[in-house]
1. Residues in region 267-281 that are out of contact with any helix residue (DSSP H, G or I) (no Cβ under 8 Å at 6 or more places or on another chain) and either free of Cβ contacts under 8 Å to residues at least 12 places away in the same chain or part of a loop (DSSP other than H, G, I, E, B) (or both): how many?
2. Out of the residues in region 396-427 that are surrounded by 12 or more Cβ atoms within 10 Å (Cβ to Cβ) and at pLDDT below 85, which is farthest from residue 6 (Cα to Cα)?
3. Confirm whether residue 297 is touching a helix residue (DSSP H, G or I) at 6+ places or on another chain (Cβ under 6 Å) and modelled with pLDDT under 95.
4. From the list 236, 180, which one is part of a helix (DSSP H, G or I), surrounded by fewer than 23 Cβ atoms within 10 Å (Cβ to Cβ) and at pLDDT 95 or above?
5. Return yes or no: is residue 82 out of contact with any helix residue (DSSP H, G or I) (no Cβ under 6 Å at 6 or more places or on another chain) and under 22 Å from residue 137 (Cα atoms)?
6. Residue 20 fails exactly one of the following numbered conditions: (1) in a loop (DSSP other than H, G, I, E, B); (2) farther than 23 Å from residue 242 by Cβ. What is the number of that condition?
7. Quick check on residue 157: is it outside any loop (DSSP other than H, G, I, E, B) and assigned by TED's automatic domain parsing to the domain that holds residue 232?
8. Considering only region 96-110, I want to know if a residue exists there that is free of Cβ contacts under 8 Å to residues at least 40 places away in the same chain, in a strand (DSSP E or B), touching a strand residue (DSSP E or B) at 6+ places or on another chain (Cβ under 7 Å) and not assigned by TED's automatic domain parsing to the domain that holds residue 255.
């Protein structure tokens, strides 16, 4: 974006300069921006600068408009319609194209004020692993303490019409009376496990309600005429399949979401926003979803003290679980009868195949040494050779280097990227993105079978994707470093 800004300034003086034209081709694209209805004011700013000023682009439709390459926050305004805030990249990636970065056109559908609650956002229909799903609405924010108290004060815990599911505790049926006796706060009053005397702390009215079971979340959804989202609908709402997720979802969302380890925060107080305008889908509290799982019900998004990769992963808990990390948001389906039954089926989480990361601990030095010896080799001259060197206008020097392998007379290829005009930095090994899981296996969660860290310090952060992880996107080992001392390693063999 700095290059784009500089090019725009230079254009006023040398509008037809061929070097400037080449620079624009490297740092900008031409896209189409449309809205329904048209005649909408369009604004944008860098995603990583949420406090920056909005830049006005024009009135929709905007055809073939030049924009910088990157990820941005977008705002659309039209009199009589709800303002839409959302995130989107201006580019997608096409591996087969001559230039892998291709334009990503933007479409925004506005809603008339008063037609739907302003606290819900529209998620357009999309192709998914289970087929084409229609558009729907989802809560812009997680359900808050203040909203949930209305349910309790209206007699929600006494009215059986909202509690439509058989209570199960450890797979055993539980009576209404016994279930209600367990759905109490710290003083024995009906309500979340985190409350006292039937109420929440005064300063936490806009905090996400937490400490509730799946049954309580489902009952509240009935009370407001909505539903808990299915796993696939929750995925759609977070932007599954959009460039924003494909082009580094964790990296985009984590810095602006609550993975602080300190506790929940008020909904919408952090600027992490999805392609459709929902907040806090990464972190803050885990969110109950509709689907059954082998050990309970599905949870998504991760909580305030989870690792950031839990935004990508599936997790589960018994439906009676009332952890202070469990919250939820609701969905509204215009035509629920048209949703494929597969959307409501059980989500398979292969716990027996992958270890529970929450229970893993660093291994002893002797165990690590045993594993390390499997990779020992004679240290001989690598016979390293630079095969070629390229410099490009994006500020990088790229080198292809080959060197002798430790076996079979083979040569290893390495690509080295060096920043131009900057001093040497800490070296980082990066392994290419893991292929997406096949559609028939969409329920497999992101779970490493082995974890090894490098010595950490305040001068180095390590983040890279790991070849032996099965999941939809890169893993962030940065999140693991604070839990390990310098030089410690954690190896968790597959069961």
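1. Here the count works out to 5.
2. 406
3. On the way: touching a helix residue (DSSP H, G or I) at 6+ places or on another chain (Cβ under 6 Å): yes; modelled with pLDDT under 95: no.
It is false that residue 297 is touching a helix residue (DSSP H, G or I) at 6+ places or on another chain (Cβ under 6 Å) and modelled with pLDDT under 95.
4. Details: 236 fails: surrounded by fewer than 23 Cβ atoms within 10 Å (Cβ to Cβ).
The conditions single out 180.
5. Numbers: out of contact with any helix residue (DSSP H, G or I) (no Cβ under 6 Å at 6 or more places or on another chain): yes; under 22 Å from residue 137 (Cα atoms): yes.
Answer is yes for this residue.
6. Every condition holds for residue 20 apart from (1).
7. no
8. Taking every residue of region 96-110 in turn, none turns out to be free of Cβ contacts under 8 Å to residues at least 40 places away in the same chain, in a strand (DSSP E or B), touching a strand residue (DSSP E or B) at 6+ places or on another chain (Cβ under 7 Å) and not assigned by TED's automatic domain parsing to the domain that holds residue 255.
The values are calculated or read from the model by the stated rules, or taken from the named source; none is laboratory data. From a predicted model like this one, the values you see are computed outputs, not experimental measurements. Don't worry about glycine lacking a Cβ; one is built from the backbone with ideal geometry, like all the others, and counts go over all protein chains shown.
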